[in-house]
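The values are calculated or read from the model by the stated rules, or taken from the named source; none is laboratory data. Keep in mind that what you see is a predicted model, and the values were worked out from it rather than measured. Virtual Cβ from ideal backbone geometry, glycine too; neighbours counted across all protein chains shown. SASA here: full protein model, heavy atoms, side chains in, ligands and nucleic acids out. Shrake-Rupley method; radii C 1.70, N 1.55, O 1.52, S 1.80 Å.
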Amino acid sequence: MVAAADAQNYAQKLGITNDMAVQELGWDEDTDDALRASVEETIGGELLDEESDEVIDVVLLWWRDGDGDLVDALMDAIGPLADEGFVWVLSPKTGQPGHVEPSEIAESAPTAGLTQTSAANLGLWSGSRLVQPKARPAKR
């Protein structure tokens, strides 16, 4: 039991459960394979890519300094998101190549119509959980 408790269960930290549709954006060679494997094992399938046309429960957005405009990326991420869905912005921790200041995420979220609710420590990555407001304006 102790060994299981010591093991990183990233999917649990991220609030991901069985049968959720999880989309992965921003994958690159530096992404955390253990995190990806934990999520895939939990959902019982593969992560969806940006080509998916399914309604998404969770978006994992791998984001590094220099990846472009975070607001634009968040706007793209929430397009297929379910009403109760959420986005995790995953960025390298301080001192790691590609580190993103937490303030950049905090400032970008409201511009994209999202609210930051929590953060998670994920090995060499940090996660910021972003949700859509409950009273969402009607889509045009």
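Values computed for the structure shown
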read-out	value
Structure-based [θ]222 nm, the chain - -39500 (n - 2.57) summed over DSSP H runs of at least 4, per residue, nearest 500	-7500 deg cm²/dmol
Correct choice for Rg/Rh (Cα atoms, Kirkwood Rh) that was computed from the model, options (1) 0.95; (2) 0.98; (3) 0.92	(1)
Nitroxide proxy distance, nm - points 7 Å out along Cα→Cβ at residue 101 and residue 117	2.7 nm
Between region 63-117 and region 22-36, the alpha-carbon center distance in angstrom	14 Å
Solvent-accessible area, 1.4 Å probe, carbon plus sulfur percent, for the chain	50 percent
Karplus (6.51, -1.76, 1.60) ³J(HN,Hα), θ = phi - 60°, over region 12-22, in Hz, Gly and Pro reported as x	5, 4, 8, x, 9, 10, 3, 6, 6, 8, 10
Range in the chain, longest, excluding exposed GluC sites (Glu not before Pro) [loop by DSSP; at most 16 other beta-carbon atoms within 10 Å]	55-140
For region 9-70: span of alpha carbons on each principal axis (Å, largest first)	33, 26, 18
